[in-house]
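Everything below concerns the one structure shown next.
Coordinate-derived values only; no laboratory data. These figures come from a predicted structure and were not determined experimentally. So basically every Cβ, Gly included, is an ideal-geometry build from the backbone, and we count neighbours across all protein chains shown.
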C-alpha cells in the first residue's frame, strides 16, 4: 500500500498581510487622533483656568480698593488709592491693576489690546502689568461703570492661541453697604 503524502504548505498570502496591516493602521490612526485631540483640549482648558483665576483676581483687587477706602476715614468708598485726587477716583472707565493693589492702578489704558494691559510673570511667579522676565499671552482690563448706588465691575481677560483670540469675562457689583 502506497501512502500518499499531501503537502499542506499554504502559508500566508501577501493579500492577507496587506489587509492585516491596513486594519492595524486604521486602528492606530484612530487612537493617535484621540491623543492629539486630548492634548489640544488640555492646553485650551489650562488657559481657560488661568484666565478664570486672573479675572477673579482682578475683581478681588477692585473690591480690596473699596474695602481700603471704607477703612480710611474721610474717603469716599469709590476713591482709588486713598489720596483723594480725581485721578484716583474709581469711576466710569477702564483700568489695569495688579497684585500690588491700589498703588498699581493705571487709568491710562483704554483697550485690552494695548501694551499696558498685557500681563507678565515676575521673578516671584506673580502676574503683573510691569514688563519683567516672562511675557504671557494674557491681557487684563477692568471696566468700571458707576451706577450711583453701585459699581458694575467687569474684568476682561484676552489671550491668543495661534491665530485664534479667546476672551473670558467676569462681572460683579460693588455696593456701599457700610
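Of note:
- Counting only alpha carbon atoms, the long axis of helix 14-71 and the longest principal axis of the chain meet at about 10°.
- Relative contact order for the chain: 17 percent, from Cα pairs under 8 Å spaced at least 6 residues apart, divided by residue count.
- Working ranking of peptides 32-41, 122-131 by packing, defined as the average number of other Cβ atoms within 10 Å per residue, highest first, is 122-131, 32-41.
- The protection proxy used here, the mean number of other Cβ atoms lying within 10 Å of each residue, ranks peptides 162-172, 14-24 as follows, highest first: 162-172, 14-24.
- Shape parameters for segment 14-175, alpha-carbon atoms, Rg then Dmax in Å: 23.0, 91
- Going from the fewest other Cβ atoms within 10 Å to the most, the residues 77, 177, 70, 159 appear in the order 177, 70, 77, 159.
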